[in-house]
Amino acid sequence: MSVHEFLDVLNQSIRQKDTNILAQCFVFSNSSSFYEELSSKFPQDPKGKSKLKGEIQKSFGKIRGWKESVLSYLDFVQKAVSGDPISCWSSLQAVYVNLTTCFAHLDGAWLAPIIKSVSTFYVNLSIHLDKISPQNAGALDTNGFLERNFISEASRNVQRAFNVILSDRQPSISPSKKDAIFSISNLLYKLYFRLKQIRLCQTIQANVLSSGVSINQATSAEIVTFRYYLGRCHLFQHKIHQAKTHLRSAFLNCPDESYKQKRLILIYLTTCGLILGKLPKWHYLEKYGLIPIFQPLIESLKRGDLRSFQLSLEDVSRRNWFIRHGIYLTLHDRCEIVIWRNLFRKVFFLTYQNAHKTPHVNGQFLLTAALLSMQDDTFDIDDVECICISLIDQGYIKGYMIHSSATLVLKKDAAFGFAPIESVMPIVGKDRNEEEFFQKK
């Protein structure tokens with residue numbers, strides 16, 4: 001295809017608003033064959049280049065953004081062939097900005113598929129360059145986080161495209177700009193998590209839920225990704241029940257062929273399970289290679305062994321892994337109370353006698369167990385009483401403490417005051433709009 005034929009086909013796709021034809025012209029791929037073929041037809045002499053610019057001005061100059069989009073795309077093609085990733089990214093960014101301008105037109109909804117395509121390519125290239133760029137190595141931004149120059153730029157431009165989608169006041173008309181809302185929001189989630197800007201993820205979530213779109217407008221892959229990030233947002237906010245709901249849905253609906261993605265979801269779903277006292281199915285941990293990571297924590301939780309849990313969490317390789325996945329502090333802060341509850345429950349059942357009219361456990365037994373669990377000789381009966389009161393206040397134990405005899409008296413029911421942890425932990429900040437959004441069909 002010559003450059004003139006390319007421009008004719010491109011012009012036709014714009015006049016007819018034909019996304020399929022446009023996608024054949026505006027190709028965004030890691031394969032360089034298309035770029036090499038097209039760039040080989042570019043004029044090399046100044047006169048030919050000037051003539052080409054004039055032709056582009058004549059064909060595309062009447063509609064705001066299109067002349068710039070075509071020129072920047074041709075420049076991107078040349079840079080893609082040159083092999084310089086930085087200049088290629090800069091040209092791609094110009095294409096993205098110009099196409100977003102075209103997308104913002106009142107009749108720009110037909111561009112939603114190409115916006116999804118170029119956004120994905122742009123974000124992935126930005127992330128790749130951010131990983132390999134030496135200029136980012138060790139540099140910190142004003143907030144003390146590692147510099148993410150390419151990702152930061154990408155997040156601002158993709159946010160602009162997202163705002164164009166939100167401004168569409170004709171969501172019921174097909175095609176709609178909001179056809180791209182899930183794809184673009186998922187890309188923003190991806191960028192913001194890398195930037196550690198979780199607060200902005202919450203804004204994206206609120207905008208999508210209030211946008212008037214239906215979950216049915218998303219593809220299965222988009223729904224899985226959206227619920228994965230939503231689950232991670234809730235986990236970050238310590239809304240463990242909500243996090244588990246979304247992550248479980250994402251895990252069950254993610255195809256088995258997507259091993260890497262399913263493993264990633266399981267990491268955060270397992271974290272929720274540990275906090276809620278719902279241990280993961282062993283064959284899942286085995287299938288996705290997570291037994292070396294989580295088995296020591298699970299065994300420590302079941303035994304009520306706080307010292308063992310802390311050592312497992314602080315193991316250098318495991319600790320770095322938890323930090324890299326953003327769950328170290330969550331496990332550190334939220335699992336200790338579960339360990340104490342499990343330890344005291346185990347002590348009760350080991351010492352309980354059916355002859356007792358009221359189920360109770362002597363504080364000295366609890367102290368002995370705590371000393372073994374903590375391996376800390378400074379621990380005393382007052383510390384045990386404080387922990388018991390904390391467990392009672394938070395609902396992990398139903399009962400009361402008799403200070404004079406250091407006795408923990410438990411509720412006389414089938415569970416002896418030790419209700420399942422999942423039923424104890426409150427559902428924090430339950431969002432009815434969110435529930436209704438996913439229930440609508």
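Annotations for the structure displayed:
- Looking only at segment 141-187, residues that are under 19 Å from D130 (Cα atoms) and either β-branched (V, I, T) or at pLDDT 85 or above (or both) come to 14 in all.
Let's see how each residue does on (1) more than 19 Å from N157 (Cβ to Cβ); (2) not in a helix (DSSP H, G or I):
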residue: D179; (1), (2): yes, no
residue: I184; (1), (2): no, no
residue: Y189; (1), (2): no, no
residue: N207; (1), (2): no, no
residue: G212; (1), (2): yes, yes
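- Complete set of residues in segment 312-360 that are hydrophobic (A, V, I, L, M, F, W, C), touching a Phe, Trp or Tyr at 6+ places or on another chain (Cβ under 6 Å) and over 25 Å from K278 (Cβ atoms): none
- Taken over segment 370-406, residues that are of a type in the set (G, A, S) and either in contact with a strand residue (DSSP E or B) (Cβ under 7 Å, 6 or more places away or on another chain) or buried (at least 16 other Cβ atoms within 10 Å of the Cβ) (or both) amount to 4.
- Cβ-Cβ contacts under 6 Å between residues 6 or more apart (or on different chains), taken from a first residue in segment 154-175 that is in contact (Cβ under 8 Å) with a residue 40 or more places away in the chain and over 22 Å from W89 (Cβ atoms) to a second residue that is surrounded by 11 or more Cβ atoms within 10 Å (Cβ to Cβ) and among the aromatic types (F, W, Y), are listed as P175/W110.
- The residues of segment 166-195 that are basic (K, R) and either in contact with a Lys or Arg (Cβ under 9 Å, 6 or more places away or on another chain) or assigned by TED's automatic domain parsing to the domain that holds K239 (or both) amount to a single one, R194.
- Verdict on K190 being basic (K, R), surrounded by 16 or more Cβ atoms within 10 Å (Cβ to Cβ), in contact with a helix residue (DSSP H, G or I) (Cβ under 7 Å, 6 or more places away or on another chain) and at pLDDT below 95: no
- Residue list for segment 35-52, filter: surrounded by 14 or more Cβ atoms within 10 Å (Cβ to Cβ) and not in a loop (DSSP other than H, G, I, E, B): Y35, L38, S39, L52
- Out of S32, S13, S72, one residue alone is modelled with pLDDT under 85, surrounded by 12 or more Cβ atoms within 10 Å (Cβ to Cβ) and among the hydroxyl-bearing types (S, T, Y). It is S32.
The values are calculated or read from the model by the stated rules, or taken from the named source; none is laboratory data. Predicted model only: the values in this text are computed from it and were never measured. In this analysis, Cβ positions are derived from the backbone assuming ideal geometry, glycine residues included, and neighbour counts consider all displayed protein chains.
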